[in-house]
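To keep things clear, I will list the structure first and then write my remarks on it.
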Amino acid sequence: MIGTNTLHAVPADIEPSKTLLRVRDLSASFSTPSGEVVSVERVSFDLHRGKTLGIVGESGSGKSVLGRTIMGLTGLSGNATVSGQILFDGVDFTNPDKKLRSEFLGSKIAMIFQDPLSSLNPVKLVGTHVTETLRQHDRSLSRRDAKEQAIGLLDKVRIPDPQRRFGQYPHELSGGMRQRVGIAIALACSPQLLVADEPTTALDVTVQKHVLDLLGAICEEQGMAMILVSHDLGVVAGRSDEVMVMYAGRIQEKAPASEFFVRQYHPYAYGLLASKPMLDSPAHAELLSITGRPPDPTDRFPGCRFAPRCQNARAICREQEPLLEPVSDAAPEHKAACFFPIDGLAVRTTVDNSQEGAP
Amino acid sequence: MPQHETRRPLAAPKTTPIPVSFEKPRKNFHVDLLLWFCILWLGAIVLAAIFAPLLPLAEAQDASKTLMEPTNQPPFTVPGHPLGTNGLGLDIFARLIYGARISLTVGVAAVAIGMAVGAMLGTSAGYLRGAWEAVIGVLTNTLLAVPALILLIALSTVLRPSVVSLTFSLALVASPGLIRLARANTLAFTQREFITVARALGAKPGRVILRELLPNVLLSMMSLSFVYISVLIVAEASLGFLGVGIRQPTPSWGNMIAEGLGGKMEQYPHLVFIPATVLFLTVFSFNLLGERMRKRWDKREVSL
Amino acid sequence: MAGTGKAHLKEKTDARLRVEDLVVEFQAKSGQRVHAVSGISFDILPGETVGIVGESGCGKSTVARAVMHLPQPTSGSVVLDNIDLTELSAEKLRESRVRMQLIFQDPIASLNPRRRVKDLVAEGVSIWNRGDDKARTESRVRELLESVGLDPDTIWNRYPYELSGGQCQRVSIARALMMRPELLICDEILSSLDVSVQSQMLNLLKRTKRELGLSLMFISHDLGVVKNISDRIIVMYLGKVAEVMDVEALDRETIHHPYTDLLLESVPKVTGERVFPGLPGEVQELPSPLNPPSGCRFRTRCPLATALCVEEEPQLEEKARGQFIACHNVASLSK
Amino acid sequence: MKLMINKVVQLVVVLLLVSIGTFALTSLMPGDPATAILGPDQPAEAYIELREELGLNDPVLARYFGWLGHALQGDLGNSLVTPFRSVNELVGGAFPVSFQLAAMGLIISLAISIPLAMVSARRPDGAIDRAISALTFGILAVPSFVAGLILIALVVNQLNIFPRTQWIPFTENPLDNLYHAALPAITIALAEVPTFTRVLRGDLVSTLQEDFILSARAKGMPAWRIMIFDAFRPSSYSLITVVGLALASLIGSTVIVETLFSLSGMGSLIVNASYVGNVTVVQGAVLVIAVCYVLINAVVDLLYAVIDPRIRRATT
């Protein structure tokens, strides 16, 4: 199930200049006391300028590690190995060295984090967080100009009274405000790519909507590409151009968002959607249960990673690894890594009609 | 529901080979060896201390019996005195073992008392809060207001140093820290919902303290107990060294090291370095054991 | 949003739990009073599931604990099966409390790490010394573990840290059921679990409730989850009730309290259509519970707020069948 | 504000209790204190005089308040054995020596620990970290009197770099003073280095795992900047607490080092007095040390609250 689109498999009609980020066979593994953990396994995808890629997966699926690996931050932890290739704007950003990293990070690639409180240094002023990013990447910037720009940024992310907020400490702000500060920091140098790792998980729904709207609007306005990582399909829905579902370190399904939310081919992707209680479904709707739990990350069994929990699994699923490939000719961009893909749309219709169990 | 027929021919395995056989990291053998060495060392010391009167040891205390023995002999030179003799011809090996009796008894007993007192006062203060907590707080702060060694010296000024009085003094010195630790742990555990659940199930405060809190609090204190023992052994030795602990001719590791003061060390270094080495190894072993226990406990905490 | 008022309460004799004018206040470190819950009333019928939704800081978890008297509410009455818990002595309260059981969000923190699964589940029995018949206790523990989908033999002697989050949550449910409670209070029990495990737990809860005829008080911030499990839904805002409705009314089309509308609007639609919003306006933050707004507490964020909302607190009124809304202006709206 | 008043009240209560405890030392003495101090073979007048001196004839409370009253006015009584000088004089002479030693020890240990901890924390469980950790673990098991003896054996006797004993007052010759104080101060510092290093390393390691460090990296900050400005500052607050707590053991090491190097500070004063049962000197010295220690810790507490914004804004 892994995207092994090697370079030649890229559709010819995509000009290289449109592609901002090209990831090929990217793997990231960690040596831990309990064994080697492969968090990301041979992941390949392209991200075009100004587009948003949504990455969805449950805890342990490797989605956050993928985000950090793309930022070149995984290799920093000593026990990690990164292989494959990351091309950012034509520059090889796989295992970047110090110089390359400090040149790109913050200025061309920026990141926002899950927990807005812990991602801000508790002993630094809100304003300092923004100005130090500005001054790091533009040494000639004076303190005063930096402050002025920072206040402008705080205002831009809709923080009321930015003058006052500038001089406060992170713990004095609410969760939503802190996340907005996080966004302001990320935007400081107008990056081309924003990696948003579970940006709204710690926030309430009303604040979540505001933050997502803000991110969407800024991406649109600045032509910024975004990788939106979340465990929640709802966060990604309506906010991304393409959706990628990860499970146990591998991509299981990848499709344009408009396709994906209509029909899923991979039983896991289908299950993820069918097990989520939705506001728009009728009350007391029966939910699909995916039985079992994700595999132990140190257990390297052969075949499809989802096979142990899959009701459609057959012998081959336990022996061979399915490739991430288009399922039907009608939608070449809709790929699933499954030997026996289902048709999510058809299954759902049947279930809705009979109101019984699931596949 | 619609079972899609397999689109892909079973015979066309375009799968990529999976890199298998990830090596499990090798165990760190020398680390384990070190741990076993420490356990062996402590075991030997404890056994020797317990059975000291039964061992065929040369005279350790009574200088009147060693008038004929050679004095200040370095180790491995005189038969019958494996580690040599001191300035009075007393056998250093025997003195070390009798010294161990005092060091270990005092250290272990004081920590045991301190743990019992600390766990009880600390846990009840942390769970019951209010006035009780305030009283316990002021008492611990008062004991902590006098640096440990100063308090010990002050106490030994007025109490004739003996195993009993030393145990009492050391327990007094160890308690406030343990009370604080138990209280802090209790506060942390009380935040956890299982305490609320126990109360929802109808548990009374006594049961919550004894059955829910104490086992958890004690476990996290246990790993520190070894470190405390080593600290108290050093404290006892320091008193002996300063001459205000166990006094000559009764041997203690501290007063044995002090025998080398006053220029004798230059001439007879073994007087100082043999007991110092024994003290070092013992303290090191207790520290290492405590450290390993803490690491195991931490790992559990992380997985919690 | 204010919601005082009891228009939505059912007949007294019908209710398994009836909470009236519940107020919970406590002292903040700074010495100020935190108005966590300010006079809410609700009831739960036998076999009914009442969902409580609201954002963090609205006081929903405080309500759960106040119902259990852990700690005792500042004022108001909590009547369980026609017994007023607020009037009971400490000893009687301890006995009555067992008929309600609480399950928490953090599956691991709610299990004593030093106990094995078998002892955790049997804990209530051992507290009340009902465990004289050891064999019977043991067989009941096994039975319950099986009914929550755990294999008793494999986990019998395990410690909590050897279990996954979902398994811990199952153990918690088994422990709660051990005391044969009439009311189960679930405080955000799904929010720390993965989606696939969430649906397992939801199905399990629904089945258990049906089989045992339990009443359920289900607290969550997730409207989808609440809609899936509840019969009636209470929307809370800043320590008050904004709206009470039968579950069928919870959709985007029905007329709601402006706050419920805000919540509903914020829940993302799971569709592939890309939304391109403009830059959002500045948000009004949740006011501090130290100093809540006068009148309707929602007025600082409410698009419909008028001068009346500043002065007078709206009461819960039946605006449609089974739908009670505390708002001065909602009646004038029509969708 | 309420919190501050609370703290001050606690401080006063603690100091009162300490004074009671110190005073009660006399009554802990087994048998007749006068006999215990003077020994059995003295003229009868001597015992009577000493009992008077110790105030053993008055009721306990009167004795305590008398003693406390004098102590508050700065009069700690007289020494019970030769030389019969006032305790004030003895303490006054000894205090600067100990204070300087302790301060130097603290500074040296911090100067060693902070870089060690930073180097360690850069690559947790790396070779350097393991080496430093093993080293500090080893030093942890060396009591300061053993460390001092080893230093004397190596540095003084073998290499002849530092003088063995002697104390030159700072006012007399600052350079000489530092030269003579160096070795004792290093001995004191050595005892604290393991604790400081390990605490700070642990803190740095966990701080470095925080998201805000990652976020600093994601901004393209260089590693050294992150270590000093992002990681060290928040970690240093707990170091301050540890330093406050470590003062107790620092004072302990000072006592031992003074004996070892025959320096006439508070330590040797109190040890010598204790050896001969000179209770009033012990009482006076303990009281002075306790008051200093408590006050320093209160200041550390305050400092902590002042420089950590999380606490500063929360309390005001």
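The values are calculated or read from the model by the stated rules, or taken from the named source; none is laboratory data. None of the values given here were measured: they were computed from a predicted structure. Positions of Cβ are backbone-derived with ideal geometry, glycine not excepted, and every protein chain shown enters the neighbour counts. Heavy atoms of the whole protein, side chains included, go into the accessibility calculation; ligands, DNA and RNA do not. Shrake-Rupley method; radii C 1.70, N 1.55, O 1.52, S 1.80 Å.
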I'm told A:L324 meets every condition in (1) away from chain C (no Cβ under 13 Å); (2) surrounded by fewer than 21 Cβ atoms within 10 Å (Cβ to Cβ); (3) modelled with pLDDT of 90 or more except one. Can you identify the failing condition by its number?
(2)
Might you let me know whether the stretch A:94-109 holds any residue that is among the aromatic types (F, W, Y), away from chain D (no Cβ under 11 Å), on the phi < 0 side of the Ramachandran plot and open to solvent by less than 10 Å² (accessible area, probe 1.4 Å)?
no
Result of the Cβ filter at 7 Å on the stretch C:50-61, keeping first residues that are closer than 13 Å to C:L223 by Cβ and partners that are polar (S, T, N, Q), at least 6 apart or interchain, is C:G51/C:S220; C:G51/C:S230; C:V53/C:S220; C:E55/A:T206
Considering only residues of the stretch A:307-321 that are surrounded by 17 or more Cβ atoms within 10 Å (Cβ to Cβ) and more than 9 Å from chain B (Cβ to nearest Cβ), which is farthest from A:L272 (Cα to Cα)?
A:C317
Out of all the residues in the stretch D:289-305, which are under 17 Å from D:I251 (Cα atoms), more than 10 Å from every other protein chain (Cβ to nearest Cβ) and open to solvent by less than 30 Å² (accessible area, probe 1.4 Å)?
D:V300
From C:L102, C:L120, grab the single residue that is over 23 Å from the mean Cα position of the chain (by Cα) and either among the small types (G, A, S) or within 19 Å of C:L184 (Cα to Cα) (or both).
C:L120
Is there any pair with a first residue in the stretch A:244-264 that is within 10 Å of C:G272 (Cα to Cα) and a second that is surrounded by fewer than 24 Cβ atoms within 10 Å (Cβ to Cβ) and of a type in the set (S, T, N, Q) whose Cβ atoms are under 6 Å apart and which are 6 or more apart or on different chains, and what are they?
A:F261/C:T271
Show the residue pairs that are 6+ apart or on different chains and have beta-carbon atoms under 8 Å apart, the first residue being within the stretch B:220-238 and under 23 Å from B:I150 (Cα atoms) and free of Cβ contacts under 8 Å to residues at least 60 places away in the same chain, the second being of a type in the set (D, E) and open to solvent by less than 10 Å² (accessible area, probe 1.4 Å).
none
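Rundown of residues vs (1) small (G, A, S); (2) at pLDDT below 90, yes/no style:
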{"residue": "B:E133", "(1), (2)": "no, no"}
{"residue": "B:L139", "(1), (2)": "no, no"}
{"residue": "B:L152", "(1), (2)": "no, no"}
{"residue": "B:P176", "(1), (2)": "no, no"}
{"residue": "B:A182", "(1), (2)": "yes, no"}
{"residue": "B:F189", "(1), (2)": "no, yes"}
{"residue": "B:R192", "(1), (2)": "no, yes"}
{"residue": "B:G202", "(1), (2)": "yes, yes"}
Out of all the residues in the stretch D:233-247, is one or more assigned to a helix (DSSP H, G or I) and modelled with pLDDT of 85 or more?
no
In this structure, does A:K124 turn out to be surrounded by fewer than 18 Cβ atoms within 10 Å (Cβ to Cβ) and basic (K, R)?
no
Only one of (1) in a helix (DSSP H, G or I); (2) open to solvent by less than 10 Å² (accessible area, probe 1.4 Å); (3) under 20 Å from B:G262 (Cα atoms) is not met by D:V286, so which one is it?
(3)
Can you say whether A:R158 is buried (at least 21 other Cβ atoms within 10 Å of the Cβ) and over 27 Å from A:R68 (Cβ atoms), as far as the supplied structure shows?
yes
Looking only at the stretch C:28-39, decide whether some residue is in contact (Cβ under 8 Å) with a residue 24 or more places away in the chain, within 13 Å of another protein chain (Cβ to nearest Cβ), assigned to a loop (DSSP other than H, G, I, E, B) and crowded, with 19+ Cβ neighbours inside 10 Å.
no
Here is a check on your reading of the model: is D:P143 at pLDDT 85 or above, in contact with an Asp or Glu (Cβ under 9 Å, 6 or more places away or on another chain) and under 30 Å from B:G240 (Cα atoms)?
no
With open to solvent by less than 30 Å² (accessible area, probe 1.4 Å), touching a strand residue (DSSP E or B) at 6+ places or on another chain (Cβ under 7 Å) and on the phi < 0 side of the Ramachandran plot as the only criterion, which of B:T71, B:T85 stands out?
B:T85
Just to be sure before I move on: is D:L204 open to solvent by 20 Å² or more (accessible area, probe 1.4 Å) and either in a loop (DSSP other than H, G, I, E, B) or of a type outside the set (V, I, T) (or both) in the structure I sent?
no
Could you check the stretch B:88-164 for helices (runs of 4 or more DSSP H) lying wholly inside it with 3 or more residues that are surrounded by fewer than 24 Cβ atoms within 10 Å (Cβ to Cβ), under 24 Å from the mean Cα position of the chain (by Cα) and away from chain D (no Cβ under 14 Å)?
B:92-128
Identity of the residue in the stretch D:230-242, within 14 Å of chain B (Cβ to nearest Cβ) and either surrounded by 20 or more Cβ atoms within 10 Å (Cβ to Cβ) or touching a residue at least 40 places away in the same chain (Cβ under 8 Å) (or both), that ends up farthest from D:V271 (Cα to Cα):
D:T241
Any idea which of B:R183, B:R199 is away from chain C (no Cβ under 14 Å) and open to solvent by 50 Å² or more (accessible area, probe 1.4 Å)?
B:R183
All positions within the stretch B:202-255 that are more than 10 Å from every other protein chain (Cβ to nearest Cβ), among the small types (G, A, S) and outside any helix (DSSP H, G or I):
B:G245, B:S252
